[in-house]
Structures are given as structure tokens and as C-alpha cells.
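The values are calculated or read from the model by the stated rules, or taken from the named source; none is laboratory data. Keep in mind that what you see is a predicted model, and the values were worked out from it rather than measured. Cβ coordinates were reconstructed from backbone atoms using ideal geometry, including for glycine residues, and neighbour counts include every protein chain displayed.
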Amino acid sequence: VSLFGGTESDRGGAGTTVTAHEERRRAVATTRLGTGTLACRRCDAPVALGKEPVPVTSRIVCPYCRHTAVVRDFLSLAAPTRPARVVVRVSLAIRAGQSNR
Ligand SMILES: [Zn+2]
């Protein structure tokens, strides 16, 4: 995508400088939202997940204090991230039998 600055009347005039810049965008949309920290809200212990993706609405248990809550309550996107670091992705969850109309 190319964008050129200046109005129509600015172009082509004697001594007029037209600034230009190029904006490049990736053709493939990413689903990656960022990196976050997964830690217990109650005791701040890191909570590790397995290799499979886990929805933010899944309930997990703190291995230290046994506090139980949904994943989004354990997740922080604040920088800097700490262990346990997790990759946060956006995905469309289509339930079985649900059509995509
Ligand atoms: Zn805890």
C-alpha cells in the first residue's frame, strides 16, 4: 500500500516538496495477540499449562494454594512477562453442529 502526502493543490507546484511514505502490511492475518503471564491471583505462584491450547474460560487450579478460577483470572498481559509465560491467541470456536452462516 502506498500513500502519498499533500493535497492536490500541493502537487506539481514549483518548489513544492511532496513527502511520501510506504506502509507495508502482512497479507496473512495473525491470530497471536501477545505474550502473557499465567500466575495465581491469590498467591502469585506461576501456573503451567500443557502443550494443548486452553480456552480462557476453562477452570484451572493453582498448584500451590488450590485457588480455582477461569484461565483469564490467572492471565496478565502486563509487561514484562514472567514465568509461566503463555502465548495468547484469538481463535474462532465453532461448536459441533453449528453452521457458519
Ligand atoms: Zn495460588
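With respect to the numbered conditions (1) more than 16 Å from the chain's Cα centre (by Cα); (2) within 16 Å of the ligand (Cβ to nearest atom), which one is the sole condition not fulfilled by T37?
Result: T37 passes all but (1).
Residues of segment 69-81 being surrounded by 11 or more Cβ atoms within 10 Å (Cβ to Cβ), in contact with a strand residue (DSSP E or B) (Cβ under 8 Å, 6 or more places away or on another chain) and in contact (Cβ under 8 Å) with a residue 24 or more places away in the chain, which ones?
Within segment 69-81, A69, V71, F74, L75, S76, L77, T81 qualify.
Being touching a strand residue (DSSP E or B) at 6+ places or on another chain (Cβ under 9 Å) and either at pLDDT 90 or above or not hydrophobic (A, V, I, L, M, F, W, C) (or both): is that true of A84 here?
Criteria not met by A84.
Where residues in segment 40-68 are closer than 11 Å to A84 by Cβ and in contact (Cβ under 8 Å) with a residue 24 or more places away in the chain, which of them is farthest from the ligand (Cβ to nearest atom)?
L49
Considering segment 55-81 alone, what residues qualify as being over 12 Å from D44 (Cα atoms) and among the aliphatic types (A, V, I, L, M)?
Listed by number, the residues that qualify are V56, I60, V61, A69, V70, V71, L77, A78, A79.
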